[in-house]
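In what follows, a single structure is set out as structure tokens and then discussed.
The values are calculated or read from the model by the stated rules, or taken from the named source; none is laboratory data. Please read these numbers as outputs of a predicted model, since none were measured by experiment. Here the Cβ positions follow ideal geometry from the backbone for every residue, glycine too, while neighbour counts run over all protein chains shown.
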Amino acid sequence: MLADPDAVAAAYAGTRRRSTDLLREVGAGDDVAGRTVPACPEWTVAQLVGHMVGVCDDVLAGNIADAGSDPWTAAQVARAEGTPLADLLDHWDEVGPQVEALIPAVPPGPTSQMVFDVTTHEHDLRGTLDRPGARDSDGIDVGLGFLAKSLHRLIEAESLPSLEITTSGRVLTLGPVAEGSEADLHLAGPAFEVFRAFGGRRTVDQVRALDWSADPAPVLDAFFGGVLRPPVEPLAE
């Protein structure tokens, strides 16, 4: 389910460049920097970018023991406080390529999670700025592989019904399926929608409304009972 390390590095680089290009295109002034991000309502655009750039700083500094935790993320945002958005983007141009050079030497699990995170935030920014696009990028593909691997482990650990996800050109089987048998549940849809749904950017009702073969309640209760926090109201994307 996980992409090979070189593909992960390329996906991260592509997402970083698209994000910085997008922000420079719309303008990195205070009117953009201070906008609230609906997908992350506790953050402005500048604070979200502070997190995205701060991940690179922490990786390069070896500060990864608490990677992904709320305090780790909050410290990144705090460090960037008061730095102009344009300067944050310039700094990302410096540290991003250094991280991308390291990715091929690291197992694809944690680096795929990085791609999932940064690609999620790319589309959070796009939604904030009303600039949709890049919905078939390699960042979506790598991030979806990370999500699938995580859900596969959860299905096995919790003995949940097996799930087969079909997107354009890709079939992902999550959980054990006996040879000659089919998965208990099937889900079909565009990769972008599946990525956003299982990445915590769709309401539970929106996830239920996807093209399921049967009632997904047995898996959704487990999927959204932990780290993922679906929005209460649908996001405009």
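Taken together, the residues in region 174-195 that are outside any strand (DSSP E or B) and either touching a His at 6+ places or on another chain (Cβ under 9 Å) or small (Gly, Ala, Ser) (or both) amount to 9. Looking across region 148-167, the residues that are over 22 Å from Pro108 (Cβ atoms) and among the polar types (S, T, N, Q) come down to Ser159, Ser162, Thr166. Tell me whether region 120-133 contains one or more residues that are under 27 Å from Leu2 (Cβ atoms), in contact (Cβ under 8 Å) with a residue 24 or more places away in the chain, in a helix (DSSP H, G or I) and in contact with a Phe, Trp or Tyr (Cβ under 7 Å, 6 or more places away or on another chain). Scanning region 120-133, I find no residue that is under 27 Å from Leu2 (Cβ atoms), in contact (Cβ under 8 Å) with a residue 24 or more places away in the chain, in a helix (DSSP H, G or I) and in contact with a Phe, Trp or Tyr (Cβ under 7 Å, 6 or more places away or on another chain), so the answer is no. Comparison of Ala67, Ala28, Ala9 shows that the only residue that is outside the structural domain of Arg196 (by TED's automatic domain parsing), crowded, with 20+ Cβ neighbours inside 10 Å and part of a loop (DSSP other than H, G, I, E, B) is Ala28. Going through (1) exposed (fewer than 14 other Cβ atoms within 10 Å of the Cβ); (2) closer than 28 Å to Glu42 by Cβ; (3) modelled with pLDDT of 95 or more one by one, Arg202 falls short only on (1). A search for C-beta distances below 9 Å between a residue of region 59-88 that is under 17 Å from Val99 (Cα atoms) and small (Gly, Ala, Ser) and any residue that is at pLDDT below 95 and in a loop (DSSP other than H, G, I, E, B), counting only pairs 6+ apart in sequence or on different chains, returns Gly68/Val227. The residue of region 17-46 that is farthest from Leu89 (Cα to Cα), among those that are small (Gly, Ala, Ser) and without any contact (Cβ under 8 Å) to a residue 24 or more places away in the chain, is Gly34. Right, Arg196: within 29 Å of Asp130 (Cα to Cα) and free of Cβ contacts under 8 Å to residues at least 60 places away in the same chain or not? Taking the combined requirement at face value, the residue does not satisfy it.
Looking at (1) more than 20 Å from Ala134 (Cβ to Cβ); (2) touching a Phe, Trp or Tyr at 6+ places or on another chain (Cβ under 8 Å); (3) not aromatic (Phe, Trp, Tyr), can you tell me which one Asp57 breaks? Going through (1) more than 20 Å from Ala134 (Cβ to Cβ); (2) touching a Phe, Trp or Tyr at 6+ places or on another chain (Cβ under 8 Å); (3) not aromatic (Phe, Trp, Tyr) one by one, Asp57 breaks only (2). Scanning region 134-158 for residues that are more than 30 Å from Ala178 (Cβ to Cβ) and either in a helix (DSSP H, G or I) or more than 13 Å from the chain's Cα centre (by Cα) (or both) yields Ala134, Asp136, Asp138, Gly139, Ile140. What do you reckon, is Val171 outside any loop (DSSP other than H, G, I, E, B), out of contact with any His (no Cβ under 6 Å at 6 or more places or on another chain), surrounded by fewer than 17 Cβ atoms within 10 Å (Cβ to Cβ) and not charged (D, E, K, R)? Yes, satisfied.
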